[in-house]
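Read the structure below first, then the notes.
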Amino acid sequence: MTGRRDKKESPFEPGLIPAPGGLLEWRDSRHFDGWKDLPCVLCGRPTPMRSHSEEPVHKVCAEDWITANPVEARLGRFASDTKPKPKSKGQGSDHA
C-alpha cells in the first residue's frame with residue numbers, strides 16, 4: 001500500500017532519550033497540534049503536544065515519566081528531536 005502509513009511507524013524520526021531528570025528537545029512544529037487538544041496519556045489533562053509517535057502528552061509529563069521509569073524509557077517511548085531546529089541568521093540565543 002502506498003500513501004498510507006503503518007500505525008506503529010513513527011511519524012518522524014526520534015532522536016536521543018534524555019537521562020532521567022534531563023529535558024526533551026521538542027522544537028519541531030510537528031509536536032504541536034494546533035487543531036485539537038487531546039487528553040495527555042500520562043495526566044489526563046488536555047494538551048496540544050504530541051510525541052514522535054503522535055501520543056498526546058505534555059512535554060513535562062514525558063520528562064517526569066522518563067525520570068520515574070528510567071529502564072522503560074530506554075525503549076524510546078519519548079525522545080528528543082534528531083537535530084534542533086536551526087536558528088535563523090542574526091538570531092541570538094533562545095533567551096529574551
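The values are calculated or read from the model by the stated rules, or taken from the named source; none is laboratory data. In this text, all values refer to a predicted model and were calculated from it rather than measured experimentally. Cβ coordinates were reconstructed from backbone atoms using ideal geometry, including for glycine residues, and neighbour counts include every protein chain displayed.
Quick test for you: out of L24, L75, pick the one residue that is modelled with pLDDT of 95 or more and in a loop (DSSP other than H, G, I, E, B). First the steps, then the outcome.
Values: L75 fails: modelled with pLDDT of 95 or more.
Unique residue meeting the criteria: L24.
Among the numbered conditions (1) of a type in the set (A, V, I, L, M, F, W, C); (2) surrounded by 17 or more Cβ atoms within 10 Å (Cβ to Cβ); (3) modelled with pLDDT of 95 or more, tell me where I17 comes up short.
Just one mismatch for I17, condition (3).
Considering the stretch 27-62 alone, what residues qualify as being surrounded by 14 or more Cβ atoms within 10 Å (Cβ to Cβ) and not in a loop (DSSP other than H, G, I, E, B)?
Once the filter is applied, which keeps residues that are surrounded by 14 or more Cβ atoms within 10 Å (Cβ to Cβ) and not in a loop (DSSP other than H, G, I, E, B), the stretch 27-62 yields H31, L38, T47, M49, R50, P56, K59, V60, C61, A62.
Just checking, how many residues over the stretch 37-70 are over 11 Å from the mean Cα position of the chain (by Cα) and at pLDDT below 95?
From the stretch 37-70, those over 11 Å from the mean Cα position of the chain (by Cα) are 37-48, 64-70; that's our starting set.
Narrowing further to those that are at pLDDT below 95: none.
The total comes to 0.
Can you pull out every residue in the stretch 27-82 that is closer than 18 Å to G15 by Cα and of a type in the set (V, I, T)?
Answer for the stretch 27-82, where residues must be closer than 18 Å to G15 by Cα and of a type in the set (V, I, T): V57, V60, I66, T67, V71, T82.
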